[in-house]
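To keep things clear, I will list the structure first and then write my remarks on it.
The values are calculated or read from the model by the stated rules, or taken from the named source; none is laboratory data. None of these values were measured; they are calculated from a predicted model. Ideal geometry is used to build each Cβ from the backbone, glycine not excepted, and the neighbour counts take in all protein chains shown.
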Amino acid sequence: MESTNQNKDWEIQLFDKVIDEDEKYEQYSEDFFSYLSDAAKDALGGKGLKKVLEAGCGTGAIGKRLLRKFKNLNVVGVDISPNMVRLANDGTRSYKAINGNLEDEKLFAVGYFDAILCGFILHHFPSCKKIVSNCARWLKKGGYIVIAEPNGSSPVNKLSKAARHGLEGIFGKEWVIKKRLATPNETDHTVDTYRKLLEQNGFEIVFLRTEHFGSQKISLRSIGSLKEIGYRLCNKAFKGDKRSGSSIIIVARKN
């Protein structure tokens, strides 16, 4: 049986290479951040909340935008890629990134954070069971976890991952990383998976919604555009259902 632990080397290989070759690291759109911060404003900007963990911080794009919106915060970023951490530590006030393993429960002390932001990081783990458990451990009672991830309940995302697995079978996993299609770790977890894990770890879900943050331009020559068309069709066919939306936003409170 294949291990459900994350292969760290694959993640470091991909993300360190992106930086080493001076390619632009993908930033989250202002529209997406605006929606995320509004959905999570009580969790991330509430009175008394100070210490926030940005899990899988990359270059710190979301954490630094949070600091501009919520002045009372201190953000700690953690990432597996040393080069990402190096770039994240650019002198931004109240922001510090460290190189670390989110599957290591001893990475932070029990009850250290008021809130934890998992912004498109959990799908980089074949199983996010250990990460959610660690987040519960690191959060204070009454603290919040904010999750923004690809929607594993979406038929389009399921088909996309099946296609990637097919390419891995034909060309090998290293080829997939080399082409920067993904890392073999990547798994889009379902809405029900997140619900179950959060409840098992003592969280109460206070906000859950699927959403699609898509491109307005469509070209029939682009694979991305074919996915965009699929997302739009699913949004119409499954409106209000967990299968609609390319992404899922969840805010949960630790009891």
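Quick rundown of the values:
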item	result
Pairs with Cβ under 9 Å, 6+ apart, first in region 70-93 and exposed (fewer than 15 other Cβ atoms within 10 Å of the Cβ), second of a type in the set (D, E)	P82/D16
Residue list for region 90-137, restricted to those being farther than 12 Å from A55 by Cβ and of a type in the set (G, A, S)	G91, S94, A109, G111, S127, S133, A136
So I147, is it at pLDDT 90 or above, assigned to a helix (DSSP H, G or I) and crowded, with 21+ Cβ neighbours inside 10 Å	no
Some residue of region 109-128 being in contact (Cβ under 8 Å) with a residue 60 or more places away in the chain, among the charged types (D, E, K, R) and in contact with a Gly (Cβ under 7 Å, 6 or more places away or on another chain)	yes
